[in-house]
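See below for the structure under consideration.
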Amino acid sequence: MDRSQVTAFLGPTNTGKTHRAIVAMLTHETGAMALPLRLLAREVYDRVAKQVGEESVALVTGEERRVPKAPRYWISTTEAMDTERVVDFVAVDEVQLMEDRERGHVFTDRVMYARGRKETCFLGSASARNVLLSLVPHAVLSPAPRLSRLTHASSATLKKLPARSAVVAFSMAEVVELAERAKARGGAAVVMGALSPRARNAQVAMFQAGEVDMLVATDAIGMGLNLDVRHVAFAKLRKFDGQSVRDVEISEVSQIAGPAIWDTSEIS
């Protein structure tokens, strides 16, 4: 099983990596995809279910479990992925998280042992290249160039951010504070891990429908969520990483700002 065809789609966000993986999976009779976020797993589940029908797709996360009688495709969070399940196709998203202090062991395990009988795809940032090839030297790299050009804009106040902006903060307290301040310009949708699946889905739907023109979120939006974001603004460029407060690295800024179609800035 380890010698199934292994391809690595590596590149920044907004490059179509997840779309390519879904298309590849649906060419097989059975498949499984592991995503780093519950919200992202739900998004992919919805896309796949729309194409093949809910009776053919299972969703398994730490909070949700939707398993029909005979699913052909399994969508899950990375931690909830069953590596013992035999399927034709396997995809693991955001494999650069192998280097994450808290979750790295899970992603490393999936890279080493999660395989499809016929095809395996690893998706992630180009920063994962060396670690990935050291673990899976026969993986074939498939670069994923960004589909739009991202530029840096000058700093701006919250009130002067352009419509369809996402404001990124690195703590729950900051997210709540920014959402409260956003009420002055019509309110904002809020996305963070502390919300229930139903609440998160409702907040994303509200932003996507244009009911509010701002999204306030943690840096998790850099994990490939499919959002109609034109501009990403950072509340701060320093974060607590579990051990100390440090500057956000350039690679992290690029990853987090990835959903933006136009530009990124810092709130002044």
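The values are calculated or read from the model by the stated rules, or taken from the named source; none is laboratory data. Note that the coordinates shown come from a computational prediction; the quantities given were computed from them, not determined experimentally. FYI the Cβ positions are ideal-geometry reconstructions off the backbone, even for glycines, and counts take in every protein chain you see. Ligands, DNA and RNA are stripped out before the accessible areas are found, and what is left, the full protein with its side chains, is counted by its heavy atoms. Shrake-Rupley method; radii C 1.70, N 1.55, O 1.52, S 1.80 Å.
Among rounded, prolate and oblate, which fits segment 1-159 when a ≥ b ≥ c are the square roots of the eigenvalues of its C-alpha gyration tensor, a/c under 1.5 means rounded, and a/b larger than b/c means prolate?
oblate
Note the direction-averaged projected area, equal to a quarter of the hull surface, for the Cα convex hull of segment 90-213, in nm².
For segment 90-213, averaging the hull's shadow over all directions gives 10.6 nm².
Would you work out what percent of the accessible area of the chain, with all protein chains in place, is carbon or sulfur (probe 1.4 Å)?
So the carbon and sulfur contribution to the accessible surface is 52 percent.
With all pairs of different alpha carbon atoms counted, what Kirkwood hydrodynamic radius in Å does segment 3-81 show?
12.9 Å
Can you give the convex hull volume of the alpha carbon atoms of the chain per residue, in Å³?
120 Å³
Given the Cα-Cα distance of His105 and Leu133 and 0.36 nm per residue of separation, how much length would full extension add, in nm?
The His105-Leu133 span can extend by a further 8.4 nm.
Rg(Cα) of segment 93-148 divided by 2.2 N^0.38 Å?
So segment 93-148 has a normalised radius of gyration of 1.13.
Could you provide, to the nearest whole Å², the per residue accessible area of the chain with probe 1.4 Å?
Accessible surface, normalised per residue, equals 47 Å².
In degrees between 0 and 90, to the nearest 10, how far off the longest principal axis of the chain does helix 104-113 point, with axes built from Cα atoms?
Between the helix axis and the principal axis of the chain, the angle is about 30 degrees.
Quick check for me: using +1 on Lys/Arg Cβ and -1 on Asp/Glu Cβ, what's the dipole size of segment 1-139 about its Cα centre, in debye to the nearest 20?
Result for segment 1-139 is approximately 280 debye, rounded to the nearest 20.
Assuming 0.36 nm per residue, please report the length gained on full extension of the stretch Glu249 to Arg181 beyond their Cα-Cα distance.
21.8 nm
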